[in-house]
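Chemist: My questions all concern the structure below.
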Amino acid sequence: MSRRRTLGTKKKLALLAGAAAVAGGGAFVAANASNAAQTAPGAQTKAAGDSTVCQGLATALGNNLRFIDGQRADPDAQSEARIANREAVVAEIERKQEASGCTAGESAPAPGSAASPQSPPASQPAQTSQPAQAGEQVCTGSTVTLSGEGGAPAASSNQFPLGTTLRVTNLDNDKSTTVTVDSVSGSCALLNDAAFEEVREDGKFLIRRALIEKVG
């Protein structure tokens, strides 16, 4: 008659503990796999874009839309070409908004627009009662963004006539660019893409702390 080998109490406890550990480990792996699946790229909708990036693009879009409105309100011989150019810029900014996770088509109002009187038409730079002298800081407190236009480094402005030279410094990284105003816009100093690349911080489309100087 065969004998059955029985397990001692201690051995039984050891085997039970080992089985529980294996089961627990499997649950831990399954939980981690589930979490990884939830956070994997593409598993969720794209998160909202960085607020600084989105604000910069919204400001740039607002500047260009106001410029277009100004050209339509007070057209001249070149208005049609300017509008066509800026409409292409608007489309590019909206593409950047979508790619950055921002709301495409969202534009920022002009700074202080609720309390400020209506701005002069964008086709005619505003005249200041006391013109800034060379080397003088101007537009204190203004933020700087990009127009979306191509070409060599340049700027547009609603305060300075064509040919004015401005130096724009990003105080957050101490980078500067010196540019000539070659067109009009809806802000004190709006840099084109090439000029903005010279002073921008990586991934940002807005300079919050800018020093703008008239140098010529």
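Chemist: Restricting the search to the stretch 175-193, which residues are within 17 Å of VAL215 (Cβ to Cβ) and open to solvent by 20 Å² or more (accessible area, probe 1.4 Å)?
Modeler: LYS175, SER176, THR178, THR180, ASP182
Chemist: Being open to solvent by 60 Å² or more (accessible area, probe 1.4 Å) and not acidic (Asp, Glu) is the filter here; which residues of the stretch 92-103 pass it?
Modeler: Those that are open to solvent by 60 Å² or more (accessible area, probe 1.4 Å) and not acidic (Asp, Glu): ARG95, ALA99, THR103.
Chemist: Then there's this: Among residues belonging to the stretch 70-85 that are open to solvent by less than 60 Å² (accessible area, probe 1.4 Å) and free of Cβ contacts under 8 Å to residues at least 40 places away in the same chain, point out the one that is farthest from GLY141 (Cα to Cα).
Modeler: Kept after step one, since they are open to solvent by less than 60 Å² (accessible area, probe 1.4 Å), are these residues of the stretch 70-85: 70-71, 74, 79, 83-84.
Among the residues that remain, those that are also free of Cβ contacts under 8 Å to residues at least 40 places away in the same chain are: 83-84.
Values: ILE83: 29, ALA84: 31 Å.
Here the answer is ALA84.
Chemist: While we're looking at this one, here's another question. Give the stretch 202-215 a look and list any residue that's of a type outside the set (A, V, I, L, M) and open to solvent by less than 50 Å² (accessible area, probe 1.4 Å), or say none. It would help to see each step written out before you state the result.
Modeler: So the first thing to find is which residues in the stretch 202-215 are of a type outside the set (A, V, I, L, M), and the list is 202-205, 208-209, 213-214.
Scanning the stretch 202-215 gives GLY203, PHE205, GLU213, LYS214.
Chemist: Still on this model: With the requirement that a residue be in contact (Cβ under 8 Å) with a residue 40 or more places away in the chain, over 23 Å from ASP74 (Cβ atoms) and under 19 Å from the mean Cα position of the chain (by Cα), what does the stretch 154-188 give you?
Modeler: VAL168, THR169, ASN170, LEU171
The values are calculated or read from the model by the stated rules, or taken from the named source; none is laboratory data. In this text the structure is predicted, and so the values were computed from the model without any measurement. Using ideal geometry, Cβ is built from the backbone for each residue, glycine included, and neighbour counts are taken over all protein chains shown. Keep in mind that these areas ignore ligands, DNA and RNA; they rest on the heavy atoms of the full protein, side chains included. Shrake-Rupley method; radii C 1.70, N 1.55, O 1.52, S 1.80 Å.
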